[in-house]
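A short worksheet on the structure shown next.
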Amino acid sequence: MKNGCFVLLIVFTSSPLLFADCQGCCSSHGGVVCVGGVTRCGDGTSLTQTCRDKGCSACSTTEVPDVPEVIPPPRFINNSHFIRNAVGDLICLLPNPNSDGMLESDEGYGYVISIRNGCFYIPGLANMRVDSLDWPREVEIPGDSLPDDYVIIIARRKQGLSNSSEVLITGPAGDPQRSDSLATSHARWFFHLPKVSGGFKGTLKAVNGNPSSSNTITLNAFDADGDHRVTDSLTLEPGETAYFSLYGNETNSLFSGWLDQLSHLSISDDKGWTKFYLEYTSIESEYGSWTEEVDLSQEAGSDRFEMEARSGRASSDGVAVLNLSSSQSVRIWVRHFDRTGDLMGSRSLGRLAPGAKTLAVLSDLFPYQEDAKYTIEAQDSGHPIQVFGISIFEDKFFGLVPVQKM
């Protein structure tokens, strides 16, 4: 039995198995077998040095050929690296394969991921290789290919070597629901937190507008499903302006240990003296753009927004859509219009659960058209949504695109 499933191993060999002094070898790894003239364990792992030294062999010769080195399993990978987004897609947040320092170098290593339902691998989701020259890496698996119950199986890999042993993780569930809206208890928001894996970092600026009194503010961070993940707080001296990096380990940092796991942020300030701003900065170019917090209690809600499309082919249009004001799921559509107002296309962004957020690269959904525009709409009218427009130029420059209520 391997990972809770029975394994039938059939080994074909042209000569009798010798099993010279193999007592105790591979007892928990499928037994000793001969594969391609090499003696190894039934699950594909290599013999231990002790078994090799005493001449354990299942092949027709007592010589045990050299086998590739064994890669240690990625035991630093856990449930926090896998989340379901608002439309049910599985997001894999993969750190550097050498995050634990167990490899001789970072070069050439990656992951292999499989998804299993019970004892059977899901078609199309087995042995998916993930390599990168720039970690961390974000991988998205469509939610419509995932069953209700599934297991994520991940191992380290390198070309020319046997994969490491596997780490098994119970897959997160999708389609969350909640009894009330987040806007009921949280009024002030930042709709989008930048992701390091996407090439951007974030800096929070806080300004205490009271010159004679200090102020302590509570920050609540949520994931893309709208689930509260972590609370942090900061204290400002009278009249102080302070800057805080997201996910850092230095003194003036917030949400350490939650790298790329947070989506949107609420601000609780009972005194109301402090204003907040968030800078999105390209890690590569160091160019950034600032946005100001949004107070939903001071704005009329809308279920339809308009946004200008990109001005050139080198730019990318992105949009974050949130469902903070409703306790029900809302269907989201985006429509693309040319300069005369004629509809050129429309796409569904899926169903957005209460409190959740979805991200979409609109320029991947629609072809470039000069002087075009988008509308982002809740198909269920009367359910206000929140929309945050983003423009990225050659993956180096991040800009905010104004959105207008309709």
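Only the coordinates and a few stated rules stand behind these numbers; no lab work does. In this text the structure is predicted, and so the values were computed from the model without any measurement. Virtual Cβ from ideal backbone geometry, glycine too; neighbours counted across all protein chains shown.
Summary of computed values
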| read-out | value |
| --- | --- |
| Over the stretch 89-211, equivalent-ellipsoid semi-axes from the Cα gyration tensor in Å | 34, 24, 11 |
| Rg [Å, one decimal], Dmax [Å, integer] - the stretch 176-239, C-alpha atoms | 14.8, 44 |
| Ordering of 324-331, 123-130, 355-362 by packing [mean C-beta count within 10 Å, highest first] | 355-362, 324-331, 123-130 |
| Estimated dipole of the chain in Debye, rounded to 20 [Cβ of Lys and Arg +1, of Asp and Glu -1, Cα centre] | 720 |
| MRE, 222 nm, helices only [DSSP H, n ≥ 4, -39500 (n - 2.57), over the chain, to nearest 500] | -500 deg cm²/dmol |
| Exposure proxy order (Cβ contacts within 10 Å, fewest to most) of L254, L259 | L259, L254 |
| Global geometry of the stretch 182-297, whether rounded, prolate or oblate, following the gyration tensor of its Cα atoms and the 1.5 cut on a/c | oblate |
| Cα centre as origin, Lys/Arg/Asp/Glu Cβ charges: the stretch 298-405 dipole, Debye | 240 |
| Most positive-pole-ward Cα, N98, L168, H192, against dipole of the stretch 71-216 from beta carbon charges | H192 |
| Relative packing of 96-105, 291-300, which averages over residues the other C-beta atoms within 10 Å, highest first | 96-105, 291-300 |
| Order of Y280, Y368 - criterion: other Cβ atoms within 10 Å of each residue's Cβ, fewest first | Y368, Y280 |
| Rg/Rh (Cα only; Kirkwood hydrodynamic radius) as it applies to the chain | 1.08 |
| Debye intensity ratio I(q)/I(0), log10, the stretch 256-395, q values 0.19 Å⁻¹ (C-alpha model) | -1.27 |
| Antiparallel bridge percentage (DSSP; both residues within the chain; nearest 5) | 100 |
| S57, S348 arranged by Cβ crowding within 10 Å, fewest neighbours leading | S348, S57 |
| 17 Å cut-off, amide nitrogen to a point 7 angstrom out along E237 Cα→Cβ, residues in the stretch 200-230 | 206-217 |
| Whole-angstrom gap from the stretch 262-282 to the stretch 180-245, using each part's C-alpha centre | 3 |
| Relative contact order for the chain, counting Cα pairs under 8 Å that sit 6 or more residues apart, in percent | 13 |
| Residue among N127, G389, M344 farthest towards the positive dipole end of the chain, charges placed on Cβ | N127 |
